[in-house]
Structure formats: C-alpha cells, structure tokens
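To start, the structure under review is shown below, and the notes come after it.
The values are calculated or read from the model by the stated rules, or taken from the named source; none is laboratory data. Keep in mind that this is a model prediction, so the values were computed, not measured. Cβ placement follows ideal geometry from the backbone for every residue including glycine, while neighbour counts extend to all protein chains displayed. Ligands, DNA and RNA are stripped out before the accessible areas are found, and what is left, the full protein with its side chains, is counted by its heavy atoms. Shrake-Rupley method; radii C 1.70, N 1.55, O 1.52, S 1.80 Å.
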Amino acid sequence: MATVTRPSPKEVWDWLSHVPDPEIPVISLTDLGIIRDVAWDDDTLVVTVTPTYSGCPATAVINLDIEKALRERGIEKLKLKRQISPAWTTDWISEAGRDKLRAYGIAPPIDGTAADGRLMGRVNRMTGGNLTVPCPRCGSTHTTKVSQFGSTPCKASYRCDDCLEPFDYFKCI
Amino acid sequence: MPSLPDMNTPDVAELARGAAAASRATEVPTPDAGQEAFFEALLRIGDSTLILGHRVSEWCGHSPALEEDIALANVALDLIGQTQMWLGLAGEVEGKGRSADDLAYLRDAWDFRNLLIVERPNGDFGHTLMRQFLFDAYHLELLKALAGSSDPRVAEIAVKAAKEVAYHLERSSDLVIRLGDGTDESHRRMQAALEALWPYTGEMFLSDEKDAEAAAAGRIADPASLRPAWERTVRDVLGAATLTIPEGAFAHKGGKRGVHTEHLGYILADMQFLQRAYPGATW
Ligand SMILES: [Zn+2]
C-alpha cells in the first residue's frame, strides 16, 4: 500500500493564499475572506467557499481556480463546499488585502457603513452627512460618488475632485 | 384533448398539465401535498426576482448613461443570483429532481408565481426606477422578515440577499427623489409612472390559503404583515420626491396563482428560447 502524505490544512491555506481573485487579481482568495474552511474528510480534502454577491459571475471561475491550484499540488480527492451562512462581509477582507486594493487603485471598504436601505438616515447617522471615501491615488478626501454600482456589484464608482481620477470603491457589505 | 386554457379559466394550470400530458409523453410533476404550500411560497419569491431580473437586464446597452447601464446590469445580476438560491431551494423542497434552471426555463406562464408588477414593461428610465423602488421597498421588508424563518435554509438566503437589496433600495430611493424633485419633465414622468404602477402594489400584501399555510408553519412571513413598514418607506421617499401618492385601493392580482398579463409570455419567449429550442444546451 502506498503511503500518502497529506498536506496539513495550514499548508493548503498557504497555497490558497496564492490563488488570485479572478476579478481583482492583486488580492488572493484568502485576502478576500471567501475561504471559510479547509479540512480533511477521510481521504478527501474539503474546501468550504462562500460567495461574495449572490449573482457574482466570478464564483464559477473561483471554484475552477481553486481546483486547478490544488490539483497542481497533487490533491486528488477534492470537494468544494458552498456555504452561504454566515453571509460574506467585507469585514473579512484582510489588512494585507486592503493595502493591496489601495495600491491597485481601489478604495477599500469602510467598515460599518453597509447599506440598511434607509438612504439619508444611514449617511447622516454614520458620517454627519457625507460618507467620505479617500482617493486611493492621492489620498484626497474631496471625492464624489458617481454611481452606487461600479464595474462589478461589489464596487461603487467615485471620482476624485482633486486629482480628477475616477476610481472604484469596494462597498462595505 | 381539453380545450386551450385562457386567462379566465380558474384551474388553468391543471388544464395546461392535462393538455401537456395528452399531447406529449412527458411527466409534468406536481409537488407532494405536504410540501406544496412551501414550494409555492418559494416560487412566489424566486419567480418575482427572476422576472424582475430579466426585465431589468433588458436595459443592458440602452440606459441613458453608462453608469446607469452598469448599475442596472448589476442589480439584475444580484436578482438572478438570488433567484438561483430561491428556485434551487424550491426544487429541493419539491423533491422531484428539478433544478433552479429547470424551473426557470422549462415552466410555462401559468406555472409562474411572480407578482404582476415585475412583468410590467420597462417604459422609460423613470418608469423602470419607480417599479424598482416600489419593489425594493417591499423586497427588503420581505427579506428582513424571512431572516427569522423557521427553516434555516430560507433564513440564510434571506440574510445574504438583504445585504444586496439594501443597496438596491438606497439607489432606487435616491434616483426617485432626484427625478421626482427634478425638472418639470422628470417630475411629470415620475408622477405618471407612480400612477400607472400603484394599482400593482396591492398584490404584494395579499394572502391566500397557501401563504397562510406556509406562514403558520413559520416558514415565510404573512404578506399583510409587511405592509406598514413598506408604507413608511414609500411615504418618506415619495414625499421627499414631491410626488403624490394616488388614492384608491384597487389592486390588480393573479400573478401569485399563475394568472398573468400578456407580457409574461413575451418575457418567457425571450428568456426560455434557447433551452426550448436546444434542450440541455450548455456553454
Ligand atoms: Zn485623487
């Protein structure tokens, strides 16, 4: 009988930390906080993944990328488990991930500012009237929201009123 | 063979199943009695998000501004993603092996349970946003209530979807206010949209015996219980938009039991064409 050396879950986490998010390739799947668990079930490696947004078209690509990365490391029996509860939140984006987003030109989420449906109430309650998203390029706080939804559901479109660059803001959810 | 059903036939779905069974050798499943009310309740949610998602996606490439085009496409995407979860669960509850895709692509109009408001044609941009706002305000209350469902599968979908729908509602509220309290022309169009759509809002809060059964089991919310919070949001936003809420309580209804306007057939012809013409096609 052949002896199989199983990588530890910690090793697998480390491998996954090198798999880029397909839509924002500067951050990894672990930076994004969508890998919820890595565990062995007998001889099968079970990776639990949570979707960001319900309709995120990257979900299928993410699963393929995880599978490809782990197969390349010699994992034969692999199961990807989808878990929707607790629902993904941008609070799970790592500090390193936030720095990478900023360097890439995307303003990272401002924790605690998720929408609750009460438009004016929310902005007033949290920011004294104006949710300020600093420009990831020049750091200016003179910025204007152009649209609630940017290039993907997870982002909003902003414009910097000082350096005049448009940029994406990763919305808090 | 039974005669062709029309919209006024009360047991239209049964007639249709009979006609389908008589004309071709396919099994058209009906759910088990115990799970039927739950299955129905899930279709009522999932079909509304599906049809609205499809309607909103019709704007893709046609919006008045690029940012709005992208925003509408993203709202549609969220709704379709939520539909996959709701109809996926509906198929699981039904227990006949039907997937979310089977339910979306292989049912006919009389088996759809969406609210009539979501199948209304898009009209102009203001009309689309008014429909979105009236639905979003209801949708968020519905999801908040479903977060307390006795069925954990319902609760977890609702919690996830509510985070997304909160953004939908903030966006549609913002635009309804800006257009209502905008120019004479935009105000006129938003008021006209409100008057045209208002009679379609009452259906959101109507209950029948199936809602009552699923609500009694704690699986879904009693639709009538969502009304006060919806009215508060609608009054606040329409007030800020300087729009006048129409009087009169007349409500168009029928969507929740499969009696639809002619518009749904056109939507399905478009949405289902590929799977009907090339069954099982994938890419
Ligand atoms: Zn700047």
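State yes or no: is B:Leu106 hydrophobic (A, V, I, L, M, F, W, C), modelled with pLDDT of 95 or more and crowded, with 24+ Cβ neighbours inside 10 Å?
When the stated conditions are applied, B:Leu106 does not pass them.
If you go through the stretch B:181-191 and keep only what is in contact (Cβ under 8 Å) with a residue 12 or more places away in the chain and farther than 28 Å from B:Ala224 by Cβ, you end up with B:Asp181, B:Ser186, B:His187, B:Arg189. Report yes if B:Thr183 is within 24 Å of A:Gly55 (Cα to Cα) and modelled with pLDDT of 95 or more, otherwise no. No.
Kindly provide the set of residues from the stretch B:54-71 that are assigned to a helix (DSSP H, G or I) and more than 8 Å from every other protein chain (Cβ to nearest Cβ), ordered by number. Within the stretch B:54-71, B:His54, B:Arg55, B:Val56, B:Ser57, B:Leu66, B:Asp69 qualify. The residues of the stretch B:266-283 that are over 21 Å from the mean Cα position of the chain (by Cα) and loosely packed, with under 15 Cβ neighbours inside 10 Å, listed by number, are B:Leu274, B:Arg276, B:Ala277, B:Tyr278, B:Pro279, B:Gly280, B:Ala281, B:Thr282, B:Trp283.
Screening A:Val61 on (1) in the same structural domain as A:Val26 (by TED's automatic domain parsing); (2) under 15 Å from A:Asp31 (Cβ atoms) shows it passes everything except condition (2). Of all positions in the stretch A:81-94, at least one carries a residue that is more than 18 Å from A:Lys171 (Cα to Cα) and hydrophobic (A, V, I, L, M, F, W, C).
Of the listed requirements (1) under 14 Å from A:Arg82 (Cα atoms); (2) surrounded by 14 or more Cβ atoms within 10 Å (Cβ to Cβ), A:Leu64 misses just one: (2). Within the stretch A:13-23, which residues are out of contact with any helix residue (DSSP H, G or I) (no Cβ under 7 Å at 6 or more places or on another chain) and either open to solvent by less than 40 Å² (accessible area, probe 1.4 Å) or not in a helix (DSSP H, G or I) (or both)? A:His18, A:Pro20, listed by residue number.
Restricting the stretch B:256-265 to residues that are assigned to a helix (DSSP H, G or I) and over 17 Å from B:Ala37 (Cβ atoms), the residue that is least open to solvent (accessible area, probe 1.4 Å) is B:Leu264. Quick check: anything in the stretch B:72-91 at the interface with chain A (Cβ under 9 Å from one of its Cβ atoms) and touching a strand residue (DSSP E or B) at 6+ places or on another chain (Cβ under 7 Å)? No: the stretch B:72-91 contains no residue that is at the interface with chain A (Cβ under 9 Å from one of its Cβ atoms) and touching a strand residue (DSSP E or B) at 6+ places or on another chain (Cβ under 7 Å). Across the stretch B:56-80, the number of residues qualifying as of a type outside the set (A, V, I, L, M), surrounded by fewer than 24 Cβ atoms within 10 Å (Cβ to Cβ) and under 24 Å from B:Glu203 (Cβ atoms) comes to 3.
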